[in-house]
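The values are calculated or read from the model by the stated rules, or taken from the named source; none is laboratory data. Remember, predicted model here, so these are calculated numbers, not experimental data. Glycine gets a Cβ as well: all are built from the backbone with ideal geometry, and neighbour counts include every protein chain shown.
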Amino acid sequence: MLVSPVLMSGVDFLFPLVGFFCSHLSPRSVFRFCPWVQGGPVLVVGSRLCPPPSSDSSSLFVLSLRAEQSSSSREMKCRAEAVSCLSWVLVVGGAVYLWHQTRSHTEYGRYAPPGSRCCSARLGWFLQEVPSFLLPLLLQLLTEEPGGGSGRTLLLCTFMLHYFHRSFIYAFLTRGRPVPLIIVVSAAIFCSLNGFLQGHHLLHCTQFEHTWLTDARLAAGFLLFAVGMSINIHSDYILRSLRRPGEVVYRIPYGGMFEFVSGANFFGEIVEWCGYAVAVWSLPAFAFAFFTICSIGPRAYQHHRDYLKKFELYPRSRKAIIPFLL
């Protein structure tokens, strides 16, 4: 584990200090720091003598400060029931959200109601996206790397790469409208749960064979992910270039995938997460891809209708989200 050497050295440094301060806590206090007791150092309260390994220490209060070095104690177990439950929550939640968006808009961006409590777009995007980067990172730092760990780490890094870009690059470049606080809080909760789900499943539940690098499905998934992320980033750049700093106007986007669909940025993100699902090939990954389709697919269609309504010269050949089809 990455943090184990630091933890162990910190514990070794701490024991003499603990013994020193406890010994001087009170003139009447009786403490003994026993660094070489079998099994690890302990602090004995009630005696100035270190007990031999075979003695009965029932009359002593022993504060154990042992640093467990067994690798099995540091490995987090796979919570299969929680993984399955959260995955199906994504599936059902995605279906419900899709049904909701066929009847009304999600109230942010151009559809935000006037007078709603908001925070700046940059702060809002950072706060709502960063949990999906930090939680998998924390799980990675606290996880042992047994056999097959490189495969799990690589797949998790693809997930984290998207949210690193969203949190630390896109969030500070965006020229979008202020984001309603309710949207920020809801998105942050979702990103926290999904970040934990994807990280925990990949690090603690997934098993890879030694031939995982030669898997064609993995290569196809990575390719889709890379293509989708490139489309997403390029489309965001086109949208951002339509506005000067401080503007909130809407103009017709041209170039890239916008020549084919109105929601080119949404199309790229859908392709991205479908590629991730193909590469990982698990229920949590497919549940997340399904939720993504249900959440931003209808929004692309709503944007398409809004463009057609606002601009008489809007290209009629463009589709909403899927080139040439929908």
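Among the residues of the stretch 157-181, which ones are surrounded by fewer than 16 Cβ atoms within 10 Å (Cβ to Cβ) and modelled with pLDDT under 95?
As a first pass, look at the stretch 157-181 and keep what is surrounded by fewer than 16 Cβ atoms within 10 Å (Cβ to Cβ): 157, 161, 168-169, 172-173, 181.
Answer for the stretch 157-181, where residues must be surrounded by fewer than 16 Cβ atoms within 10 Å (Cβ to Cβ) and modelled with pLDDT under 95: Cys157, Phe172, Leu173, Leu181.
Do we find a residue being closer than 29 Å to Arg110 by Cβ, of a type in the set (A, V, I, L, M, F, W, C), surrounded by 15 or more Cβ atoms within 10 Å (Cβ to Cβ) and touching a residue at least 24 places away in the same chain (Cβ under 8 Å) anywhere in the stretch 192-204? Talk me through it step by step, then tell me what you get.
At the first step, the residues of the stretch 192-204 found to be closer than 29 Å to Arg110 by Cβ are 192-195.
Retained after the next criterion (residues that are of a type in the set (A, V, I, L, M, F, W, C)): 193.
Still in the list and also surrounded by 15 or more Cβ atoms within 10 Å (Cβ to Cβ): 193.
Keeping just the survivors that are touching a residue at least 24 places away in the same chain (Cβ under 8 Å) gives 193.
Checking the stretch 192-204: at least one residue is closer than 29 Å to Arg110 by Cβ, of a type in the set (A, V, I, L, M, F, W, C), surrounded by 15 or more Cβ atoms within 10 Å (Cβ to Cβ) and touching a residue at least 24 places away in the same chain (Cβ under 8 Å).
Please specify each residue of the stretch 303-314 satisfying the condition of being surrounded by fewer than 20 Cβ atoms within 10 Å (Cβ to Cβ) and outside any loop (DSSP other than H, G, I, E, B).
Initial filter on the stretch 303-314 (surrounded by fewer than 20 Cβ atoms within 10 Å (Cβ to Cβ)): 304-314.
Of everything in the stretch 303-314, those that are surrounded by fewer than 20 Cβ atoms within 10 Å (Cβ to Cβ) and outside any loop (DSSP other than H, G, I, E, B) turn out to be His304, Arg305, Asp306, Tyr307, Leu308, Lys309, Lys310.
Across the stretch 315-326, which residue is surrounded by the fewest Cβ atoms within 10 Å (Cβ to Cβ) among those that are under 12 Å from Phe267 (Cβ atoms) and among the basic types (Lys, Arg)?
Lys319
Count, please, the residues in the stretch 230-289 that happen to be among the β-branched types (Val, Ile, Thr), at pLDDT 95 or above and not in a helix (DSSP H, G or I).
Residues meeting the conditions: 1.
Show me the helices (runs of 4 or more DSSP H) found entirely inside the stretch 79-170 where at least 2 residues are more than 30 Å from Val249 (Cα to Cα) and either under 17 Å from the mean Cα position of the chain (by Cα) or not assigned by TED's automatic domain parsing to the domain that holds Arg217 (or both).
Numbers: elements: 80-101, 121-129, 131-141, 149-165.
Fully inside the stretch 79-170 and qualifying: 80-101, 131-141, 149-165.
Taking the stretch 210-237 only, how many residues are over 16 Å from Tyr170 (Cα atoms) and in contact (Cβ under 8 Å) with a residue 12 or more places away in the chain? Walk me through it before giving the result.
The first filter runs over the stretch 210-237 and keeps only residues over 16 Å from Tyr170 (Cα atoms), leaving 210-227.
Of the ones still in play, those that are also in contact (Cβ under 8 Å) with a residue 12 or more places away in the chain are 210, 212-213, 217-218, 220-227.
Residues flagged as over 16 Å from Tyr170 (Cα atoms) and in contact (Cβ under 8 Å) with a residue 12 or more places away in the chain within the stretch 210-237 amount to 13.
Residues are listed down the side, and each one gets a yes or a no for (1) outside the structural domain of His303 (by TED's automatic domain parsing); (2) out of contact with any Asp or Glu (no Cβ under 9 Å at 6 or more places or on another chain); (3) charged (D, E, K, R); (4) buried (at least 17 other Cβ atoms within 10 Å of the Cβ):
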| residue | (1), (2), (3), (4) |
| --- | --- |
| Leu223 | no, yes, no, no |
| Val227 | no, no, no, no |
| Tyr250 | no, no, no, no |
| Gly255 | no, yes, no, no |
| Asn265 | no, no, no, yes |
| Val278 | no, yes, no, yes |
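Name the single residue, out of those in the stretch 176-194 being more than 27 Å from Ile238 (Cα to Cα) and of a type in the set (Val, Ile, Thr), that is nearest to the chain's Cα centre (by Cα).
Taking the stretch 176-194 as the starting set, the residues that turn out to be more than 27 Å from Ile238 (Cα to Cα) are 182, 185-186, 189-190, 192-194.
When the remaining residues are screened for being of a type in the set (Val, Ile, Thr), the result is 182, 185, 189.
Numbers: Ile182: 20, Val185: 15, Ile189: 11 Å.
So, considering only residues that are more than 27 Å from Ile238 (Cα to Cα) and of a type in the set (Val, Ile, Thr), the one nearest to the chain's Cα centre (by Cα) is Ile189.
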